[in-house]
Each structure stands twice: as C-alpha cells, then as structure tokens.
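Participant: Please find one structure pasted underneath; my questions will follow.
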Amino acid sequence: MKPISLLTLLLLCMSFAQGQVLHRTVIGATGQSASDGTLSYAYTAGEAVVGTEDGGTLILTKGFHQSGEVEMPGQTLSFTGEPSDHGIALQWVTNREQNSKSFLVERSFDGVHFETIGEVDAAGISEIPTGYDFLASQETAPVRYFRIQQVDQNGHTSYSEVLRINQKITSLHSELYPNPASHTVFLRYETEGAQATLSNATGQQLWNQTLAAGQGLQQIPVSDLPEGVYYLVLKSQNGHRTHKVVISH
C-alpha cells in the first residue's frame, strides 16, 4: 500500500466520528511524506499521527513515540586488564549510558565457555565517560579470557570485546594427595619449570622427574616402596618446596 492510500484511509476513518475524538496510530516505518489534494503530512520512523476532530475540522498533530523503543545501555570505549599480586585488575570505560542496570564480569579459560564471576552496578544515565573496575581472583591458569556483559533496565544485553590475559608464573605452587598413600601419589603443580625428587629418610633419591612449565598433574608410583616416611622436594628458579609423604600399605 502506498503512503498516500494509507493516509487517505486514516482520514476517512476519522471523519465518521462525532464531537471531539482523539486518534493515534503509527503510519510508517520509514521517513516519508504524503499528500492528497490540499492535505499533506510528513512523518518519520516510529512516529504516531494524532488526529483531533472538532466541529467538522480535522487537526493533525504529532509527538508520540512508538512504544518499545530499544535504548542501548552503554557503549564501551575501552576494556583493559593487568595482572597484579592480588589478582587481575580489570577496568572499562563507557562513553555514554542510558537506562543501564549493571555490568556482569565473565571469565573463561578457553575463550569459548564463559562464567559470571562478579557484578558491578552501572551509572544508569550518563552523558559523559564513566569508568569502572573489578578485581578478579588469582587463578592458577596462565591464560585467562574476560568480557563484560552490559545489562539495561529492560533486560537487553550487549558484550564487550574479549580480553586475553597472559600471566607469568612467578611462584611455585604444589599439592600432594593422598597422604598417607599406598599405591600412587598425585602431585598437582604450577611452576615455570621445576625438578621433583622423592627421597627416603636417609636422603637416598628413589624417583625424580623434570616438570614442564605451567600447570600439571604428575603420578608418582609408591606401591613398591617400604612403609615409612619420604620427602618429595620441588626445586625451581623461584625457590623450593618440600612435601612429607607417608607410605602405608
């Protein structure tokens, strides 16, 4: 249907009303103008026509906005992160916000599957750049991915770019279990590279292994060792750790 036909139909429907009647309808989805003889009208997307009929005189006005208008909660100008001694310090800045509710901080270890680790309240309405920060907990993974999900008051969401954080391992972490053990001891570690050695109470080395940089899980067979107390020592350029192991069959 052409704009002129739609406008003409609208006016014909209004002419049947008696007295003063208020008419409201959206007449287009794009900006156009229409005319029919001596009558003309211009409109824009989502704008409503309001017709008032009084004493046979029809007056067209406009000014109502289409309901359900979507407003973006904010536009992110920057998103950065920096490893620190206490965790990953994340900062982001929005250039403007309109009906924003909150920001969900999401983390991933593979860049694909994300989980929410925190929430920061948003400014709501702001026409100037607004900064936010969040301290993510220290994790054992050397590589992590972060993104910010922006949520507005109506539930609409949008995402920031994905931020990759590479954290250099500067300490030696290890965990040994089970203890006491009878068949196998598991060593979970995180290091830049270390040498692991299992010795008995007299200092005799019974097992040794070079541990690659990063995270790992090493199995240590102990089923052939006599019952007693043993010591597992990990040495790296950042220091060393000693675990006391009890073998009980």
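Participant: Take GLY203 and decide whether it is of a type in the set (Gly, Ala, Ser) and under 15 Å from HIS240 (Cα atoms).
Facilitator: no
Participant: Go through segment 184-224 and give me each residue that's exposed (fewer than 11 other Cβ atoms within 10 Å of the Cβ), under 13 Å from SER174 (Cα atoms) and modelled with pLDDT under 90.
Facilitator: Across segment 184-224, there are no qualifying residues.
Participant: For segment 225-240, how many residues meet the condition of being out of contact with any His (no Cβ under 8 Å at 6 or more places or on another chain) and at pLDDT 90 or above?
Facilitator: 5
Participant: Please list, ordered by first then second residue, the pairs with beta carbon atoms under 6 Å, 6 or more apart or interchain, first in segment 73-86 and more than 18 Å from VAL162 (Cα to Cα), second surrounded by 17 or more Cβ atoms within 10 Å (Cβ to Cβ) and at pLDDT 70 or above.
Facilitator: Pairs that qualify, where the first residue is more than 18 Å from VAL162 (Cα to Cα) and the partner is surrounded by 17 or more Cβ atoms within 10 Å (Cβ to Cβ) and at pLDDT 70 or above, are PRO73/SER100; PRO73/GLN150; PRO73/ASP152.
Participant: While we're on this one: Those residues that are more than 29 Å from ASP110 (Cβ to Cβ), touching a residue at least 24 places away in the same chain (Cβ under 8 Å), out of contact with any His (no Cβ under 8 Å at 6 or more places or on another chain) and part of a loop (DSSP other than H, G, I, E, B), I need them from segment 180-212; list them, please.
Facilitator: Hits for segment 180-212 are PRO180, HIS183, ALA201.
The values are calculated or read from the model by the stated rules, or taken from the named source; none is laboratory data. Since the model is a prediction, treat every value here as computed from it, not as a measurement. Virtual Cβ from ideal backbone geometry, glycine too; neighbours counted across all protein chains shown.
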